[in-house]
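Undergrad: Take this structure, written in structure tokens, and hold onto it; I'll ask about it next.
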Amino acid sequence: MAKGHTARLRYKYPLPIHPIDDLPDLIPQNPLSWAYWTYCYLTKVNYLKFRIPVEIIGQKYVHILVRNSYHMQYLWENGFFGTGQFSRSEPTWKNRTLERLNIGLTNTRINTLSNNTIPETLQLEEITKRRRMLRIEFKQQREKLEKQLLQLRKNNGSIEEEKELLEKEREMLRDFKAKQSLIDIEHSFNNNERLEDFELIDTNGNIIELEALELLPVEAIFLTFSLPVLNISVQELCSRLVPKPVQNIKYDDIQLLIRKYIVYHHYRSRGWCVRSGIKFGCEYLLYKRGPPFQHAEFCVLVLDAEESQDYTWYSSIARVIGGARKSLVLCYVHNELPEKNILQLWKSGNFTELFSKFNVGEIVYKRWVPGKNRD
Amino acid sequence: MSTLDKDYENDPTKDALDDDEIDDDELTQDWSKIAALSKKNPNYTIPKRGEKDAVIDGTNAQELLLNNARNEMFEALENSVRGTMIKSQVKAYYLPLQHEAIVPHPKGNFLQSMGKADKQGRVFLKFHEFLYLAERGTITPYQTFCIQDPDSLEEQTIELQLSIQDLYSFFKSQDESDNFLVFAYLKRLGFIVNLTDSNDCDTTSFFPPPKKSILSNILNIYNTIRSIFTFHKLSLFNAFFYSKWNFLFNRYTTSGQIYVGLKKLIPFFKAPHTRYDLLSLNSQHKLSSDTSHKKQKLSNINFKPLKITFDVWKPQSNYKKKVPGLPDYQVVVFNKNDPHQRFPTYLEMRKIFDSLDYKFEYLSEITDDLSWNKYSYTNGMLRTAYLSSIKAKAQQQRSSQNPNNPKSKKKKNSRPTSQFVLQNRRLKNGYRSFLLCVIDSGIISFVKISETDFGSEDVWYVPPKNIKKYNK
Amino acid sequence: MDEKLELVRNNLVHYQQWEDVRVSPASFQWEGENIQLIIGKPSNSEREECVLPVEYSQYQESLLTTNLIDATFTNLVSEEFERIVLAIIGDDGTVVFYYITRGTSTI
Amino acid sequence: MSCIDIEIGPSGHVGHVHSLEAARRLRTSHGVVGVLSGTLPAAAQQNCFLYLPLVLPHEEIAWLLRRCDDGDGDGKEKVRLVRRQVTENGSQLQEVSRKQAVEQARRDEKNIRFHMTYDNNSGITHSKELDPQYLRECQCTRCEVYTALKEGDASRVVAAGSRFGAQYTLYPGDPLRVHATMLVLPAVKNNQPWDVRALLSIARLATTVRKTVLLPSTSDTKTRATSDDTSIDRRQSHDTQNHVRFYRLEWTGFG
């Protein structure tokens, strides 16, 4: 369980603001320890010693990027914020590329905090890729078999022959599944160099960090409004997110953003690791601790309390989520104030007041099969 | 095994490959076995489904297979004639004015869960029960007419047998015909199904009669202290917490303390977790039911609000139709193609939740020896008292205990379950719930809609205490 | 090259390992956004694909409409391509790829 | 000429077919399978195999009416829209009653199993043909989409799709023998932003189970779309090509 142990150390803190957990012990019969404790208590702060700068690119659709490797790592390790642009979640592109181009093995193995975890993360991306290839191969073979079947029928083949082919197909599927699990164990790397790869190497022969960590708008708000982590004020951030002169802003421009933040904050503040759920057709995925530790068990859809969509919309999202064996939560946001007051609060930059004027209610949506609920 | 490499599994495609539920249509309806069924043999097994092709390939072989499949299907339908031996037929007469049916000489198993008897021993069936039984062939539908003989000018009463087609034309509304579909669907699976607003029996309620005022008074006071929405009157706290001074002046020694600060910002709806929550919510609801829906009425003039249509009991042999206990489920029927209906909004769902009255099954997760007879009221009496007051006491008690028995056994097994498992169960199963039955041109599917409450559950990671430190 | 083209181009070249990736010169304006295609060859494929990058945001209406796809096919897609690869650039750091084909004919 | 009677319910958005022969013909010559919704008397305790009546959605009925008007199909049959009514006329009722009384007596005598299916007009109700105009001319979006799907190839089967998270599931032939190949989503307007998230996730799932997501879209103004149109599938008929167009969505397998 060595990996589990390093993961525990690596992801020790659920938030980028750390508690003061290194106070000396108090020894009741030793007054000196009291004084020392008090001294430590007063001198230590939760406040971060640095602020993380973000780069905001784009006009209408913005991307909030963190470029510094250390900062990228810090945000990932302390609450799993952001996604690497060329990775599934944790930004591992640079290390993968080093490995692929065989640079890492010789001299310039990159010196980051995550040195010890390189193999694991590599394995992840690599496995996904190999599984994908396997799937393609499987598909091709299946198509071939189907063609054979068609041919057979055209030539008036017998039922037995047909059965044989169908059996073959089933055999293939079993094979495929067996191979797939095999991949999880062994994995090999291919190191093809391509012309484009040269653009990745600077004059000193080092790899350029092409990948940035991208923050969701709501993550960025959380990291500046709720916790002082980013080097940008919430007012400035919001004016970039809604790039309009203040007097022209309408309720429609801000309501979605507010709604999404309300829900994001709601779950974050109960300890969930909240990540984008776009793959599953919903707003958020909820992880108990974070992606390295377990699957997300909940998918959250954000709705207005008075919103009603066509039934097909719910059922198709539910089908996707049910297929991945996760629970679908509909999180409804109810506005307690008239729209113009909300707009007023936004314009005056009073986000604390603004966010506390909404409340949330939750529904679990689950397919119900009568036959399975009879006793 | 590492816990670290599970991320790739998030890919939805991975599970979809071998998901059995997802592709009902990958299976074929194989009517051949149904066709072969002997009508006399009730102990049939439902046939398995065969294999299908992926594409139309234009071959004779496929054409042949298709023809066979079609013939089997239509043969099965042709041979499946309604009605059984005439000797065992029970006649039921449609009463157009009442839109129900009367059975003068009732007999048969269906009487256990359907129909209302009068003093002469005749039984009255609701229209949907009538049609369902006629479709099954359990009863034969008739209607009587008074006609005048053109020769003798004498009035005479004749009875005519009705066809199923006749019966379908008697539906008064689309809603009624939708409800019939759902009723028949659940009945075929053995469920006991009653219209929620029917008053054919002594109704049982989870909620005490309103006049017993001592409890409700106390609850009202309790309510004024704790409102439905837990609005945190914490604006001062929040104003400081989210100011730049917070982390300069405060000293948080655990992550939990930071979370406690964070979670005070967004108010949330706290679902009723306990019996007391439910009771107090109910009495409060009764007091303020007029004002709370004003806003809604304005916005959905075009839509009929959905409401609870059916009470449903799991299949059981000891159901007492005169005094049924609390239902196991409550069903809301929703026709997705009806332009006057829509998927309920949250506010509409809340209205439905507040009108629920069934075995709130989640309560049995909390209370170990939950006996529903002690927690429900029949005719304004506590159900245990009510049951012991009527004659067939011994029988009744057996019937009422039976559904609880398996549950209490389960509970004993689950007692040592960890806090995390229990918490997960609460989050996933939620609290009050209803079944939304969706009708799509004759196809029926169910969705369970439950309240859940993430706001009341903290899940942040608490690192294990460092043992070395303690030793020192 | 604007941000979204660069982002998708880099994703194709350095994440998906496509070959021969280039930005097609033709473009048009659509509701204030530049619409332009990227052409390239997926790894282990013989066939070139053309890729349409479109932004998607958590809190704003999407630009993607049938009219936009129509216009793209009409203005930018040459005969040799029967489909386009839609690259949806999320504001969560992801780019996802979908084929879009016209009509119902090839079932 | 034979007749397929579709009985229209109180609200008119579904129809019922009570005749087995009609159901068979709908299936074989029109690619209309409908949904069996009644209890199968021989196996009354399950929901997999059901019996008449067959339920048809209104867009399917509208299409059938138009098709038979146009003389498509084999041209030999007529689709009638009917509503049953209780017979008012006393003598007619008497006529019926006498006939039935005789039959009844014969059955009672032999004490055999009896059939409860009648000819259309022999019960106490009779079918009255309705003016099908309003349905035939129905131009609602669902009718347009349904028609466009069937125009390509009438042997395609368009079935209700709510179980699969779609508006329809599309089968290239009879569902008894072939798998659905497409999930058809509810139509959007040409200028209406796609619900990217919902669309892509279902497309992804569909692709992994060898289906394609089909997104129909309709124009707001029916004349406008003709101008720039090269993007329409050639197989669609002149009638619908201006109104409905389709895009297929498939996951690429990467990203």
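Undergrad: Taking residue C:78 and the conditions (1) more than 8 Å from chain D (Cβ to nearest Cβ); (2) in a strand (DSSP E or B); (3) open to solvent by 10 Å² or more (accessible area, probe 1.4 Å), which numbered condition does it fall short on, given that it satisfies the others?
TA: Unmet for residue C:78, out of (1) more than 8 Å from chain D (Cβ to nearest Cβ); (2) in a strand (DSSP E or B); (3) open to solvent by 10 Å² or more (accessible area, probe 1.4 Å): (2).
Undergrad: Sticking with this one: Scan (1) open to solvent by 10 Å² or more (accessible area, probe 1.4 Å); (2) over 30 Å from residue D:151 (Cβ atoms); (3) part of a loop (DSSP other than H, G, I, E, B) for the single condition residue C:20 breaks and write down its number.
TA: With respect to (1) open to solvent by 10 Å² or more (accessible area, probe 1.4 Å); (2) over 30 Å from residue D:151 (Cβ atoms); (3) part of a loop (DSSP other than H, G, I, E, B), residue C:20 is out only on (3).
Undergrad: Let me ask you something else. Give the stretch B:151-162 a look and list any residue that's within 7 Å of chain D (Cβ to nearest Cβ) and over 19 Å from residue B:98 (Cα atoms), or say none.
TA: Within the stretch B:151-162, just B:158 meets the criteria.
Undergrad: A further question follows. Mind checking whether some residue in the stretch A:261-269 is open to solvent by 30 Å² or more (accessible area, probe 1.4 Å) and facing another protein chain (nearest Cβ under 9 Å)?
TA: no
Undergrad: Those residues that are within 26 Å of residue B:183 (Cβ to Cβ), under 15 Å from the mean Cα position of the chain (by Cα) and either surrounded by fewer than 17 Cβ atoms within 10 Å (Cβ to Cβ) or at pLDDT 90 or above (or both), I need them from the stretch D:24-57; list them, please.
TA: D:33, D:34, D:35, D:36, D:37, D:53, D:54, D:55, D:56, D:57
Undergrad: In this structure, does residue B:198 turn out to be open to solvent by less than 30 Å² (accessible area, probe 1.4 Å), assigned to a loop (DSSP other than H, G, I, E, B) and modelled with pLDDT under 85? Outline the logic, then answer.
TA: Details: open to solvent by less than 30 Å² (accessible area, probe 1.4 Å): yes; assigned to a loop (DSSP other than H, G, I, E, B): yes; modelled with pLDDT under 85: yes.
Yes; evaluated as a whole, the condition is true for this residue.
Undergrad: Return the residue satisfying two criteria in turn: it lies in the stretch A:279-297 and is facing another protein chain (nearest Cβ under 7 Å) and of a type in the set (Phe, Trp, Tyr), and of such residues it is least open to solvent (accessible area, probe 1.4 Å).
TA: Looking at residues that are facing another protein chain (nearest Cβ under 7 Å) and of a type in the set (Phe, Trp, Tyr), I get A:280.
Undergrad: What number of residues in the stretch A:263-319 are among the hydroxyl-bearing types (Ser, Thr, Tyr), closer than 24 Å to residue B:267 by Cβ and out of contact with any helix residue (DSSP H, G or I) (no Cβ under 6 Å at 6 or more places or on another chain)? Break it down into steps so the answer makes sense when it comes.
TA: Going residue by residue through the stretch A:263-319, those that are among the hydroxyl-bearing types (Ser, Thr, Tyr) are A:264, A:267, A:269, A:276, A:284, A:287, A:308, A:311-312, A:314-316.
Adding the requirement that they be closer than 24 Å to residue B:267 by Cβ leaves A:264, A:267, A:269, A:284, A:308.
Pick out the ones that are also out of contact with any helix residue (DSSP H, G or I) (no Cβ under 6 Å at 6 or more places or on another chain) and you get A:267, A:284, A:308.
The number of residues fulfilling the criteria is 3.
Undergrad: On the basis of being facing chain D (nearest Cβ under 7 Å) and without any contact (Cβ under 8 Å) to a residue 40 or more places away in the chain, does residue B:166 make the cut?
TA: Here the answer is yes, as residue B:166 does meet what is asked.
Undergrad: Another question, then. Which number in (1) crowded, with 20+ Cβ neighbours inside 10 Å; (2) in a loop (DSSP other than H, G, I, E, B) marks the one condition that residue B:316 misses?
TA: (1)
Undergrad: Moving on. For the stretch A:210-250, what are the residues that are part of a loop (DSSP other than H, G, I, E, B), open to solvent by less than 60 Å² (accessible area, probe 1.4 Å) and under 28 Å from residue A:268 (Cβ atoms)?
TA: Listed by number, the residues that qualify are A:211, A:212, A:216, A:227, A:228, A:229, A:232, A:233, A:242, A:249.
Undergrad: Here's another thing I want to ask about it. Which residues, taken from the stretch C:25-54, are in a strand (DSSP E or B) and open to solvent by 20 Å² or more (accessible area, probe 1.4 Å)? Working first, answer last.
TA: Within the stretch C:25-54, the subset in a strand (DSSP E or B) is C:25-30, C:33-41, C:49-54.
Scanning the stretch C:25-54 gives C:25, C:26, C:27, C:28, C:29, C:30, C:33, C:34, C:36, C:39, C:41.
Undergrad: Something else: With the condition kept exactly as written, say whether any residue in the stretch B:446-460 is in the same structural domain as residue B:351 (by TED's automatic domain parsing), at pLDDT below 50 and either of a type in the set (Phe, Trp, Tyr) or open to solvent by 10 Å² or more (accessible area, probe 1.4 Å) (or both).
TA: no
Undergrad: Can you tell me which of A:186, A:209, A:236, A:193 is under 20 Å from residue A:87 (Cβ atoms) and either modelled with pLDDT of 95 or more or not assigned by TED's automatic domain parsing to the domain that holds residue A:253 (or both)?
TA: After ruling out the rest, the residue left standing is A:209.
Yes/no matrix, rows are residues, columns are (1) at pLDDT 85 or above; (2) open to solvent by 30 Å² or more (accessible area, probe 1.4 Å); (3) touching a Leu at 6+ places or on another chain (Cβ under 7 Å); (4) not acidic (Asp, Glu):
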| position | (1), (2), (3), (4) |
| --- | --- |
| B:146 | no, yes, no, yes |
| B:179 | yes, yes, no, yes |
| B:186 | yes, no, no, yes |
| B:194 | yes, no, no, yes |
| B:202 | no, yes, no, no |
| B:215 | no, yes, no, yes |
| B:220 | no, yes, no, yes |
| B:227 | no, yes, no, yes |
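Undergrad: Next question, about the same structure. Answer yes or no as to whether residue A:250 is charged (D, E, K, R) and touching a helix residue (DSSP H, G or I) at 6+ places or on another chain (Cβ under 7 Å). Quick ask: steps written out before the conclusion?
TA: On the way: charged (D, E, K, R): yes; touching a helix residue (DSSP H, G or I) at 6+ places or on another chain (Cβ under 7 Å): no.
So residue A:250 fails the test.
Undergrad: Next question. Please find, within the stretch A:1-43, the residue that is modelled with the highest pLDDT out of those that are among the basic types (Lys, Arg) and open to solvent by 60 Å² or more (accessible area, probe 1.4 Å).
TA: Let us first name the residues in the stretch A:1-43 that are among the basic types (Lys, Arg), namely A:3, A:8, A:10, A:12.
Retained after the next criterion (residues that are open to solvent by 60 Å² or more (accessible area, probe 1.4 Å)): A:3, A:8, A:12.
Values: A:3: 56, A:8: 79, A:12: 89.
The selected residue is A:12.
Undergrad: Something else: Give the residues of the stretch B:311-358 that are away from chain A (no Cβ under 12 Å) and among the aromatic types (Phe, Trp, Tyr), sorted by residue number.
TA: B:319, B:358
Undergrad: Restricted to the stretch A:62-98, and to residues that are free of Cβ contacts under 8 Å to residues at least 60 places away in the same chain, assigned to a loop (DSSP other than H, G, I, E, B) and open to solvent by 10 Å² or more (accessible area, probe 1.4 Å), which residue is nearest to the other protein chains (Cβ to nearest Cβ)?
TA: A:88
Undergrad: Right, another one. Of everything in the stretch A:337-351, what is surrounded by fewer than 19 Cβ atoms within 10 Å (Cβ to Cβ) and facing another protein chain (nearest Cβ under 8 Å)? Give them in sequence order.
TA: Correct list: empty.
Undergrad: Residues of the stretch A:304-330 being within 7 Å of another protein chain (Cβ to nearest Cβ), of a type in the set (A, V, I, L, M) and in a strand (DSSP E or B), which ones?
TA: Result: A:329, single match.
Undergrad: Which of the numbered conditions does residue D:199 fail, given that it passes all the others? Conditions: (1) touching a Lys or Arg at 6+ places or on another chain (Cβ under 7 Å); (2) open to solvent by 10 Å² or more (accessible area, probe 1.4 Å).
TA: Answer for residue D:199: the failing condition is (1).
Undergrad: Could you list all residues from the stretch A:343-375 that are in a loop (DSSP other than H, G, I, E, B) and of a type in the set (Ser, Thr, Tyr)?
TA: Hit for the stretch A:343-375 is A:356, nothing else.
Undergrad: Which condition number does residue A:252 fail, the rest of (1) in contact (Cβ under 8 Å) with a residue 40 or more places away in the chain; (2) more than 7 Å from every other protein chain (Cβ to nearest Cβ) being met?
TA: Among (1) in contact (Cβ under 8 Å) with a residue 40 or more places away in the chain; (2) more than 7 Å from every other protein chain (Cβ to nearest Cβ), residue A:252 violates only (1).
The values are calculated or read from the model by the stated rules, or taken from the named source; none is laboratory data. Since the model is a prediction, treat every value here as computed from it, not as a measurement. Reconstructed Cβ throughout: ideal geometry from the backbone, glycine too, with neighbour counts over all protein chains shown. Just so you know, the surface numbers come from the protein's heavy atoms only, side chains and all, with ligands and any DNA or RNA stripped out. Shrake-Rupley method; radii C 1.70, N 1.55, O 1.52, S 1.80 Å.
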